[in-house]
1. Cut-off 10 angstrom, C-alpha nodes, Gaussian network model of chain A. Which of A:A66, A:A214, A:A308 fluctuates the most?
2. Give, in nm to one decimal, the length gained when the segment between A:D83 and A:Q261 is fully stretched (0.36 nm per residue of separation minus the Cα-Cα distance).
3. Cα atoms only: what Rg and Dmax, in Å, come out for chain B?
4. Students often get this wrong: which residues of the range A:108-128 have the backbone nitrogen under 20 Å from the point 7 angstrom along Cα-to-C-beta of A:T147?
5. By how many nm would the segment from A:L48 to A:I131 lengthen if fully extended, with 0.36 nm per residue of separation less the alpha-carbon distance?
6. What residue among C:L100, C:L225, C:L252 has the largest mean-square fluctuation in a Gaussian network model of chain C, using Cα springs under 10 Å?
7. When the dipole is taken about the Cα centre of the range B:2-224, and only Lys, Arg (+1) and Asp, Glu (-1) are charged at their Cβ, what size is it in debye, to the nearest 20?
8. Over the protein assembly as shown, with a single point scatterer placed on each C-alpha, what log10 of the ratio I(q)/I(0) does the Debye formula yield at q = 0.05, 0.09 1/Å?
Amino acid sequence: MREYVVKAGASILFFCLLVSGYGIIAQATGRETISIEDATGRSVEIILPVRRLVVLTSDALEVIRALKAEDLVLGVNTGIARDPRFWPMLKNRQRVGSWMEPSYELIAELNPDIVIGYARHPSQDMEKKLIPFGITVIRLDFYKMRTLLKEVRTLGRILGKEEEARQLTTWYRKNLNLTEERMRDTDGRPLVYIESYSKYHTTGPGSGGHEMCALAGGHNIASGFSIPYPEITPEWVLAENPHIIIKATSLSCCYAMTDLQPLKSIRDNIIARPAWDNIRAVQGGKVYVMAGDIWTGPRAIIGATYLAKWFHPDFFEDIDPANLHKEYLERFQRIKYQGVYVYPRKVPKVISELK
Amino acid sequence: MLSIRELGFGYKTIRALKNVGIDLNKGEVLSVVGPNGAGKTTLLKCIIRIVKPDKGTILIDGKDTSLMKRLALARCIGYVPQNSPSKFPITVFDAVLMGRRPYMSWKPCKKDLEIVAELLASMDLEDIALRDFDHLSGGQKQKVLLARAFAQDPVYLLLDEPTSNLDLRHQMEVMEMISEMVKKKGMAAILAMHDLNLASRFSDRIVMLNDGKIYCSGEPSLVMTAENIMSVYGVEVSINTDNSHPYILPIRPVISSKVKAQS
Amino acid sequence: MEDICQQYKSFTGKKVTFMILLTVAVFGVALIAISQGPSSVGFKDSFAALFRDAGLAHAIVWKLRFPRIVMAVLVGCGLALAGTVFQSILRNPLASPYTLGIAASAGFGAVMAIVFGAGLYSEYLIAGNAFFFALVSSLLILGIARLKGSTVETMVLAGIAIMFLFSSLSSLLQYMGTMEEVHEIVFWFFGSLSKVGWKEIGIASAMILVPIPILWKWSWDLNLLAAGDESAKALGVNVTRIRMLGVVLASLITAGAICFTGVIGFIGLVSPHITRMVVGGDHRFLLPASALVGAVLVLTADTLGRTLWAPQVIPVGIVTSFIGVPFFFYLLMKKTREYW
């Protein structure tokens, strides 16, 4: 009996020691781990706090700046050098190569806690190369409207910027709700032809453009398609006779741009396409061009608001998407609002009458 | 008359021909013999300007051929290469019709077609006139190439080893055709030959080349001597004279140092 | 003897018949093509609209369907013809308009315009640049041939080197490009006929049609080149000149064919072979017949591409291989010759 008590006491003591020991170790390193789910759907263990970052996508970089965490960024993708005025503080950080294929050697040398890339780029190589160096790879897209809010919250948790993340998601939520609310009263959805970056390539289900169109209260004429970026014939557009044409251009880095001409000439080109003068959108002047900056990425909400205003001008009369953009850049990105992102800025007068 | 004067030619580092001079009269068949690499083929190529000689001149009836247009030259000199690559299909008739190219415009006229038909008939190629050249036997191919050169209606004919790879009958046929044509049309021919017996049997004169230079030349019986063949080819032979043509029977090769000592 | 002449004439007659049949086929497929489309303009309407100004149908037929058909025919002719010429002057049955690196260099031009021309959105910039670089590659080949001799081997090797040079340059630019630009580049390499209107046809036809009579006039020289440089020279052909100019003209045709439409593969390789199986190697017949075969192939491929999965279009560059390969295999099996 006594023996039993001793044994039990000893094991209890041992257990206590074990627990406190673990506590001491955890305290000594000051490290706690969290588990997050990234854009590929897998869960990743992250040891907090995260103090050193390499960011391979400019979308993620923009969100990081919105979370006031740009000081943690050691390395960036080389592409941001093309838009130095948008990245006044980050343009001089170590460049580690392209978003598709960065230099793992440079990254290893920078020795970050985590590296952020897109879900599909760079390839799985990145994990193979960097995990042996004790670097955690996280894949977050930030360019899909559907998952944007979730990803912002995830990033907030990783960086310990939950409050900033909450502010950003609240702002997104507020504007999304506003759009949805207004949409409830609209009568019907206009037919919309969306052209992606390449001529006569539209955006079908599965593409960001299709999603945005639906969100903004339009009916994508390519809704019944089975591939996201199919080639189509000009005749099909003519046959569908959309009310509105939206052209997304690969023209990006529009922050530094002041001239409307490039966007205008894209629009003029569309209007001048053979036989397209028979399309309602062209006849009514409802042909809009949008820059890549607000077409996808963290600012897609601004693009979507533009779309909503173009689709339903009467219901969004009091809303100027440019103001939204200004608010976003000044409040969250802490840079001056400038640049040219859409053409035409104003809804042509004729259409309201036509409609 | 075709005169070759002090002809010299070099490939990058090797001098292939040195100071070669030959005169060829109409009605003559001249064979150029010599071991591999002696410069036989190069000599023919220089004459027809497939390669450009470094030195010397070639005159046709006193006219410098280097001043002649390629097309004009093609009307004077016909050339039968050793082999003709055939990556793409071509009928025998078309292959022979090519020989008329120096004369005809885009569309062959009636005369061109008749000449070709006549040649095919006389050379016993009628039955295969519309067959693919590539499907012919070696002997037939050689005859077609010969027909092409005849269709060219040249005064001088250059043939690069016309009998190599042919069976006995075709060898004889081809050689007969050449000498017959030369006699009939008053042409002259230069043949690069490996077969010394055929060369002596059908040639009026023989030029023996060694190392790019003319070693000796003259009537077959003067050139085809055991001494000459020993020093040029390094082969011991015995010569029999039969019907005034020397007949060469090779016996054994001789070690090269010995040849040098002898020569 | 009379007999041979007669045989030869009927042999020639067969070739001419084949060409007439091909011409009929081009018109036949064109008639089907002009009646196909996603709009309600059907078979009857489209023919009525072809000759009568009937509003929208007229616009659809004349501005959308007709130019597409004309361009398909032009591109098909051009690529097939260029392929035939490259095969004979390089004496290589594996040659195609793209053998000497033209597709790679034109592609590089297009990629460059897409990546660096961001501020100057224009199809003409892309097309112009593609065209310019297509010619740069052929000039590079000529330069190398001048220095090193214009033999077949030199040119093919130089072409391969140039192809690698330009495709790595393209890769470099793609590597530097954004996701959007990479997307656009991929589509350019698929090839598409959607982008062409009458203006593009005007420019392309000048580049494709002008060299054709010159090349056709050289038929005998090309025949002789196929029989070997030595025979050709001996029969009075200026081999160097024909080969050099041939490269320039065939490159011009290729550049004209691909600068507006992107790379459409396979046509230039396979049309000459298909044609040779029927009409033989005489370029007087081979050139026009092969151009017609190319036209039928591209037109058929494009019509299928835009009707099979309508209104989504399967890029013509993809369909050409789908319809060309089985047909090609069939002929390959049927024929006795080693290759084709």
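1. Result for chain A, Cα springs under 10 Å: A:A214 fluctuates most.
2. Taking A:D83 through A:Q261 to full extension adds about 62.2 nm, to one decimal.
3. 18.9, 63
4. Answer for this model: A:114-128.
5. Contour length minus Cα-Cα distance gives 28.2 nm.
6. C:L225
7. That gives a dipole near 960 debye.
8. Taken in order of the listed q values, log10 I(q)/I(0) reads -0.48, -0.98.
Any read-out appearing in this document is the output of simple, stated calculations on the displayed coordinates, not a laboratory observation. On a predicted model such as this, the values are computed, not experimentally measured, just so you know. Neighbour counts are summed over all protein chains in view; Cβ atoms, including those assigned to glycine, are modelled from backbone coordinates with ideal geometry.
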